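Below is one structure, written out as structure tokens, with a few remarks after it.
Derivation of every value follows stated rules applied to the coordinates shown; laboratory data play no part. Bear in mind that the values here come from a model prediction, so they are computed numbers and not experimental data. As a convention, Cβ positions derive from the backbone with ideal geometry for all residues, glycine included, and neighbour counts pool all protein chains shown.
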Amino acid sequence: MPDLNRFQQGPFAPVEEEITAFDLPVTGTLPAGLNGRYLRNGPNPLGLEDPGYRFWEGHWFLGPGMVHGVRLRDGKAEWYRNRWVRSRQLAEAMDEKWPGGPIHDDMDFAANTHIIAHAGRYLATVESGPLPYELSGELDTLGPCDFSGTLPGGFAAHTKPDRRTGELHAIAYFWAWDYVQHVIIGPDGKTTSATDIPVPGGPMMHDFALTEKYLILFDLPVTFSMDAVSAGLQIPYTWNPDHQARVGLLPRDDTSASVRWFEVDPCWMFHTLNAYDDGGRVVADLVRYESSYDVSVLAGKGPVTLDRWIIDPAAGKVTSQRLDDRRQEFPRVDDRVISRPYRYGYSAFVGETDRAFLQPSGDFADEAFSNALFKHDLAHGTVQTHQFGRDATAGEAVFVPAAPDAAEDDGYVMAFVHNPDRGAADLVILAAQDFTGQPVARVHLPARIPLGLHGSWIPDQ
Ligand SMILES: [Fe+2]
């Protein structure tokens, strides 16, 4: 066996086969109105035992994507499937014909970070150059997607749907660009605009935020580094103390790409929770890593907190409030409130995910496990915790409204949670308004699901 790092072991250990299972057992009662698919993407190296098939270089972010999906309909869990995303390299390693399709700048990659639906397409997404991959509703790879030839460059892992306009927004970045690109995909699935925004220094820009008036850009001091490439770092992005941290407001109705920037203290951020306009000010809630962050080992020096940034263009400054000081990640809201004032957010306690390299051996304390989900009531400043048992690692949770016009928080929170008694994953469905109570349903899946990255509930149309 090759040397394994923490992200190849325990809750991160990749699975080795693709499974299709029907009529899954359920504890509790699946809400009859939940008709659709819960899909989640994450890195899953192929063939760890065979160095010839090791399609990554050891960093968690570089493993080829595997999408895990559960199909719910009429109160039944119809199927579970897990499928690798077939890049050319992966398809050839699996002795399959690659479906073919467009490639941006020789950057073909089995997109491993998120899976979304837009304009009738299921899209596995990744950032830093490659195109998304389109999957079928049964998770078979259809091929890379450049939105019918309309996307000029690569795409992004994180996107923001605007439910008012039906548009999908993204900020694409690529090491060879001295700009980032604001891309809008229209309701018809074609690029309606792609605007270059000059940003020197090549920052990694994993996520952004949307309000009704602005896009909010986070230009933070993790930047592309040729020295890192020369030094053999697997991720060519390093902490750069010379890069001024700043947050930018790009007016949505201004096509001149003129961003107003505001300096902030050095920090790192993977994810925003949400953002909105508040009179003349702009509010952005995000998970912030204080001080420096080393993306090559996925560890920071300071605390990880849920913070509120209030950007005041009139005063020319950003002020910050602490919303929650517990280590957490994967912040999500009801997609319907993206860009608007909102009250509720959901996130996952970060245990092992964050400590993986910090404690390379030995036993973990209970708090080292990612075994809790949080529900934030931002109006009251309170947090509810749904605690799972030890070893019950919980991934990102997504909110699903009970009905298309249901009130915010009237619905369900679902996540893959490891069930240590069975050695396999459950799809756990909580009633959002009884967050700490027993799950309304647990769908028992036939296999383990490694801790992964992002996913979506995709309702039937
Ligand atoms: Fe992310």
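Exceedance of the 27 Å cut-off in Cα-Cα distance is limited, within the set Lys190/Lys213; Lys160/Lys317; Lys317/Lys375; Lys190/Lys317, to Lys317/Lys375; Lys190/Lys317. With one equal scatterer per alpha carbon and no solvent term, the Debye-computed log10 I(q)/I(0) for the chain at 0.12, 0.14 1/Å reads -1.05, -1.54. For segment 288-296, putting each phi into the Karplus relation 6.51 cos²θ - 1.76 cosθ + 1.60 with θ = phi - 60° gives couplings of 10, 9, 5, 6, 8, 9, 10, 6, 5 Hz, in residue order, rounded to whole numbers and with x for Gly and Pro.
Projection of the Cα convex hull of segment 142-203, averaged over all directions and equal to a quarter of that hull's surface, yields 4.7 nm². In the chain, taking the dipole from charged Cβ atoms about the Cα centre, the farthest positive-side position among Ile115, Cys267, Trp79 is held by Trp79. Length, then width, then depth: along the principal axes, the Cα atoms of segment 214-273 run 43, 24, 23 Å. With a point put 7 Å past each Cα toward its Cβ, work out how far Arg121 is from Trp261 in nm, to one decimal. Using points 7 Å along Cα→Cβ, the separation is 3.2 nm. If the chain linking Asp253 and Thr165 were pulled fully straight, counting 0.36 nm for each residue of separation and taking away their Cα-Cα distance, it would gain 30.4 nm. Each Lys and Arg contributes +1 and each Asp and Glu -1, all at the Cβ; summed about the Cα centre of segment 285-324, the dipole is approximately 80 debye.
Measuring nothing but how far apart in sequence close Cα pairs (under 8 Å, 6+ apart) lie, relative to its length, the chain scores a relative contact order of 13 percent.
In terms of overall dimensions, segment 109-252 has a Cα radius of gyration and Dmax of 15.5, 47 angstrom.
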